[in-house]
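Read the structure below first, then the notes.
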Amino acid sequence: MQIESLKVFCDLAETESFTKAAQINSVTQSAVSQQISSLERTFKSLLIERSKKRFRLTREGQVLYDYSKQIIQTYESLHSQLQELKDIISGTIRVATIYSIGLHDLPPYIKKFMKSYPTVNVHVEYRRANQVYEDVFSNVVDMGLVAYPQKDSKLEIIPLRKEPLVFICHPQHPFAKQKSVKLKSLAGQNLIGFEPDIPTRKALDKILREYGVDVKHVMEFDNVETVKRAVEIEAGISIVPLGTVTQEITKNTLAAVPIEDGEFFRPLAAIYKKHKVLSPAMKQFLTILKDTI
């Protein structure tokens, strides 16, 4: 029996998926099944109730999971401490990020990190917000990058920065000639928005309710890139983070106008599972994100 087998078992217990457990450990699903069977033979116990309807650990499986998790955390802490003693920063960091952060904020900082630590591989997955949380909880990734982070007792949240929200419109739109625009001006306008389950949409809906503004969403999308394209073809106006439209402003394909009612921001954060042992590489990556993103 090896540490790797215990880790595969824990990943399977947490993801409840042979596919994800295989993905996390860079092995085949068949290898996962074989390692679970080997553990069952070693402990002479059935660890998983095999049912097509749902995944469930047996009582013996739950005990093995609880102790295995402690063993793995101790092992990872030992490995991390030894790396720090030797000033070794290497390995792989798996990151899940929402599209806007991954496309507009992250690239220059990954470049900076890789220049300082060329032996570290940073693997980035672009995901919807809810999927980022799922990947973090199930250990598919080491950390997630999100906007409007959701508090959870199982999560560590590292605030990064706050990004201003602005009106955007076509350069020929009447709003483009104004120094600022009131939220109430949205009434009667065609609004291009995010889908209702997107955190930025939820935050904007709350702001508009607080200011008593009823809006008409004519289009809804799950990412800011599509929102921008719709505004560029004059399908409507929108409210987006300023950092996502810098290129369009420079090219004069979009105009950004400050919101007159006050300063509104989108908070960005890194998240990772509570009690996760951070490798030296992850610690340095977080340091760069906190200093620069």
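Before moving on, here are some points about what is shown:
- Annotation note: trypsin sites (Lys or Arg not before Pro) in the stretch 26-83 located in DSSP loop regions with a Cβ neighbour count of at most 14 within 10 Å are Lys44, Arg50, Lys52, Lys53, Arg54.
- Applying the Karplus relation 6.51 cos²θ - 1.76 cosθ + 1.60 with θ = phi - 60° to the stretch 190-198 yields 3J(HN,Hα) values of 6, 9, 8, x, 8, 5, x, 8, 6 Hz, where x marks Gly and Pro.
- Measuring between alpha carbons in the structure, the pairs from Lys206/Lys228; Lys69/Lys202; Lys202/Lys274; Lys184/Lys273; Lys154/Lys283; Lys53/Lys283 lying more than 31 angstrom apart are Lys69/Lys202; Lys184/Lys273; Lys53/Lys283.
- Karplus 3J(HN,Hα) series, Hz, for the stretch 166-171 with 6.51 cos²θ - 1.76 cosθ + 1.60 (x for Gly, Pro): 9, 6, 10, 7, 5, x
- Value at 222 nm in deg cm²/dmol, rounded to 500, when DSSP H runs of n ≥ 4 in the chain each add -39,500 (n - 2.57): -13000 deg cm²/dmol
- For the stretch 162-266: rounded, prolate or oblate by the Cα gyration tensor [a/c cutoff 1.5]: rounded
- For the stretch 3-85: rounded, prolate or oblate by the Cα gyration tensor [a/c cutoff 1.5]: prolate
- Between the C-alpha center of the stretch 168-204 and that of the stretch 39-54 there is a gap of 54 Å.
- Residues whose placed amide H lies under 5 Å from that of His173, excluding near-sequence neighbours: none
- Sorted from greatest to least, the principal axis extents spanned by the alpha carbons of the chain come out as 74, 48, 30 Å.
- Whether the stretch 241-293 is rounded, prolate or oblate, judged on the alpha carbon gyration tensor where a/c under 1.5 counts as rounded: prolate
- Each residue of the stretch 53-62 is assigned a 3J(HN,Hα), and the resulting list reads 7, 7, 9, 8, 7, 6, 4, 5, x, 5 Hz, derived from the Karplus form 6.51 cos²θ - 1.76 cosθ + 1.60 (θ = phi - 60°), x at Gly and Pro.
- For the stretch 3-85, the relative contact order works out to 27 percent when only alpha carbon pairs closer than 8 Å and six or more residues apart are counted.
- Loop-resident GluC sites (Glu not before Pro) (DSSP state other than H, G, I, E or B) in the stretch 1-77 with no more than 15 further Cβ atoms inside 10 Å of their Cβ: Glu16.
- Residues whose amide H lies under 5 Å from that of Arg161, counting only those 5 or more places away or on a different chain, are Leu268; hydrogens are built 1.01 Å from N in the peptide plane.
Every read-out reported here was derived from the displayed coordinates using simple, explicitly stated rules and does not represent laboratory data. These figures come from a predicted structure and were not determined experimentally. Cβ coordinates were reconstructed from backbone atoms using ideal geometry, including for glycine residues, and neighbour counts include every protein chain displayed.
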